[in-house]
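Here is the structure we will look at, set down as structure tokens.
Just so it is clear, none of the values below were taken in a lab; they were calculated from the coordinates. As the structure is a prediction and not an experimental result, all values here were calculated from the model. As a convention, Cβ positions derive from the backbone with ideal geometry for all residues, glycine included, and neighbour counts pool all protein chains shown.
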Amino acid sequence: MMRHRWLIALAAIATVFVFVAADYADARGGRGGSFGSRGARTFTPPAATNTAPTAAAPIQRSVTQPSAATAGAAGAAARPGIAGGGMFGGGLLGGLAAGFIGAGLFGMLFGGGFMAGMGGFASILGLLLQVALVVIVARLAFAWWQRRKAPAVAMQSAGNTPGAASGPSTQAFGGLGTMFGGNAPAAPVGTPVTLEKSDFDDFETLLGDVQAAYSAEDLAALRAKATPEMVSYFAEELTDNASRGVVNQVTDVKLLQGDLSEAWREGDREYATVAMHFALTDTTADRASGKVVEGGQPGEVTELWTFLRLRGGEWMLSAIQQA
């Protein structure tokens, strides 16, 4: 009987490792990954759109160095809170779930059954909940005391500022947000830019031109359509393909749906991130014989492409993110 308990416990532990490994593999993103630069928003997730309603994969490779602020935002995105990722969702709920599983496994290992390890864990949990309650009450009281000390004239002048938007103040939600470790989201960097229909026509044209130049392994054509950083990544992929004796061709590219995620200006540079859902045929073939070794079937892909131009200049591809 004891042997069976050991086997069950080991199987449960192995299952945990399988789920963790699968979650890590899924987090690595699709073929090609996410790379390039979006200016000061490189490490800030693009806004969701109808075409790409879920969060885009974060930039994995970029010449842009994250500042302390963007690094913190990227870390928060990589470590979600109560509704986070991972096998148990991460954050508070993830920790509690992992704790219950751990307590149960130890109970099984030492012969007391899956629920044997819960007693001690429950007492620790009760202590933690009491401490958390005291902290919450103390922070609420401190926030109330700060609001009482704030000069009323400041609120009046803010409310009477010409052009100020009317409606409920978001300051009232700051106490609870900061109490649990969160802050009000920072305003996006840069000045919003309004795009014309011709800009979207350029984006669609670039989608096809970049894929065609990549398929033809034409670096000169890519330099005219993409930033030097993006060309360096494409050149690296083409070199890897040549080393493996294969050629990758993307054909029959057709935009099916697209919409703007965000467009902004930083100094004399303008950026636009566009979600695009498009059809394509992605084929990897042997370079010598032409025999298909991977793909070759029509498919559909959703990606977010960021374009860059100097004010008044031509748009160029600056980043690609998987949706």
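Structure above, values below:
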{"item": "Radius 14 Å from Cβ of GLY245, net charge of other residues (Lys, Arg +1; Asp, Glu -1)", "result": "-1"}
{"item": "Taking only Cα atoms of the stretch 191-322, radius of gyration then Dmax in Å", "result": "15.7, 52"}
{"item": "Total charge dipole magnitude, the stretch 189-232, about the Cα centre, Cβ charges on Lys, Arg, Asp, Glu only, Debye to nearest 20", "result": "120"}
{"item": "Relative contact order (%) - criterion: Cα under 8 Å, at least six apart; region: the stretch 191-322", "result": "23"}
{"item": "Distant alpha-carbon pairs in the stretch 220-293 (separation over 21 angstrom), percent", "result": "49"}
{"item": "Dipole magnitude (debye, nearest 20) for the stretch 177-323, charges at Cβ of Lys, Arg, Asp, Glu", "result": "160"}
{"item": "Protection proxy ranking of 45-56, 196-207, 267-278 - average other beta-carbon atoms within 10 Å, highest first", "result": "267-278, 45-56, 196-207"}
